[in-house]
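One structure is given here, and the rest of the page talks about it.
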Amino acid sequence: MNRREFLRNSTLISMAASLPKFSFAQVKADDRIKVGLIGCGNRGCGAICNMIEADSNIKIIAVADLFEDRFKSHLPRISNFCAQKKISDEVFNINTVKKFSGWNAVDEILSTDADLIVDASPPVFRPGHFEKIINAGKHAFLEKPACVDVTQVRQMYKLTKLAQEKKLCVVCGTQRRHHAGYQEIIKRVQDGEIGEILSADCYWHQGGYFGQGLWGEYTDEFCKDPEEMEYQIRNWPCFIWTSGDHIVEQHVHNIDVVLWALGDSKLPKIVRSVGGRSNDLEYPKYGDRFSHFATDFDMGDGLHMHSYASQDPKTKSQVGERIVGTKGYIYTNLYGTQTMTDYKGNVIWKAPSSREALVQEHANLLAAIRSGQYINTLNPLINATLTAITGRMSAYSGLEFKFDWALSKSRESLMPKELKFGKNPISPIPVPGKNQLV
Ligand SMILES: NC(=O)c1ccc[n+]([C@@H]2O[C@H](COP(=O)([O-])OP(=O)(O)OC[C@H]3O[C@@H](n4cnc5c(N)ncnc54)[C@H](O)[C@@H]3O)[C@@H](O)[C@H]2O)c1
């Protein structure tokens, strides 16, 4: 088998395996699938609208959030969407949907008869929630990233195996994987249309901070003290322990595309990153995360992936991926185009417009649950999350290390010992050269 055949075959194997019919949470083809949502924020409510658009033969039976106020501020988005699309209140009814809040909300929603749970809570909670979802025998839609540190990565690899054993479907919020334009162009790369792959670059340059203020959501009315756990969770994109930092939380999308193009069989060998934090980013109000990262992932055999992630207001935005081959290159951007170009500058192929990926991912999950054709897209997300985590670890420490060392030896664990409201002192901003690699 040559390198190209290997890339293509390994991708197909990892995306969907045709396993025996009938999953643990059994659903018949025309049943109304019962759905529960954990994390009623921007993406959680957006994901529910996307799911309803994908297949309205569902019923949102329950929602859970740490903070009760989110029901009032965010659930109307779903009712407004249903009203606009003339969706029956059999699908969603803001008054009768069960609402659970507080630290026990997740246990409570899992004791309902939901078939499928959407988890759109902050990344640090994903492994704990997923473990409970699997133990409750429910299918899952998990937002990205998979988790925030290597300790959680190990837990997630075990849990995805458990989900496979229990035949519980899992689809993740790496929506590019479900976009027809991306699927076609990645297949063309794997079929050798740009020749042998020489290098890859990926970018998430965002012209603003993701977190407090960016989306106009100041949370000062609830909690003003950055040293309080409530402040940190409400402003989770600003804090390393809650988000994993934006190289993990956002840029994981672009890293995932490169690993996908490489056939989901290659992980980095050596990692070297630089990063820092803008003087303009007030500490501790905007947490302890970095503003920018640039990472050289040595993928072995002379192949490198260069990854760039930044969040600085009024800087130029660029979100996309470039895979460079001996005969040409591709450039992909989810909300732009996916094009293949030769070295004479001719566009050899350009994807036609595709169905909204955020809808298609739910269509794929619901179809799999109905048909019994097993789907589990979690492993590639864990790989991409781990890759991003190693980039962060290298940037914070200023050190180069072997990727295998991180997975087998790192003891990094960001989760606080106890999850309860009150003081939770935040760490100082990491200083490369001083920060320990653990
Ligand atoms: N796939 C995508 O394109 C995409 C886009 C945006 C966000 N996301 C991901 O979705 C997730 C949520 O992001 P968001 O923008 O909706 O954030 P958000 O802050 O708007 O929503 C998160 C919600 O989770 C709740 N929450 C916090 N801790 C909880 C806990 N322990 N149990 C239950 N609920 C809890 C919060 O109160 C909040 O309502 C993140 O992982 C983010 O990376 C994915």
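For this structure, a couple of remarks:
- Within segment 394-435, the set of residues being part of a strand (DSSP E or B) and exposed (fewer than 13 other Cβ atoms within 10 Å of the Cβ) comprises just one member, K423.
- Criterion violated by G287 - all others in (1) modelled with pLDDT under 95; (2) over 24 Å from W236 (Cα atoms); (3) of a type outside the set (A, V, I, L, M) satisfied: (2)
- Meets criteria (among the hydrophobic types (A, V, I, L, M, F, W, C), under 24 Å from the mean Cα position of the chain (by Cα) and near the ligand (Cβ under 10 Å from one of its atoms)) for C49: no
- Out of P122, P145, P127, sole residue that is in contact with a Cys (Cβ under 7 Å, 6 or more places away or on another chain) and not assigned by TED's automatic domain parsing to the domain that holds W405: P127
- Restricting segment 80-127 to residues that are away from the ligand (no atom under 16 Å from the Cβ), among the hydrophobic types (A, V, I, L, M, F, W, C) and more than 24 Å from the chain's Cα centre (by Cα), the residue that is surrounded by the most Cβ atoms within 10 Å (Cβ to Cβ): F92
- Scope segment 254-284; condition over 23 Å from the mean Cα position of the chain (by Cα) and among the hydroxyl-bearing types (S, T, Y); matching residues: S278, Y283
- Close pairs from segment 27-45: first on the phi > 0 side of the Ramachandran plot, partner within 11 Å of the ligand (Cβ to nearest atom) and at pLDDT 95 or above, Cβ under 6 Å, at least 6 apart: G39/A120; G39/S121
- Pairing each residue of segment 298-322 that is more than 21 Å from G276 (Cβ to Cβ) with any residue that is part of a strand (DSSP E or B) and among the charged types (D, E, K, R), provided the two are 6+ apart or on different chains, yields C-beta distances under 7 Å for H304/D296; H304/D298; R322/D201.
- Answer residue from segment 122-143, given it is touching an Asp or Glu at 6+ places or on another chain (Cβ under 8 Å) and not in a helix (DSSP H, G or I) and is nearest to R370 (Cα to Cα) among those: H139
The values are calculated or read from the model by the stated rules, or taken from the named source; none is laboratory data. Computed from a predicted model, the values in this text were never measured in an experiment. Here Cβ is always computed from backbone atoms with ideal geometry, including for glycine, and neighbour counts include all displayed protein chains.
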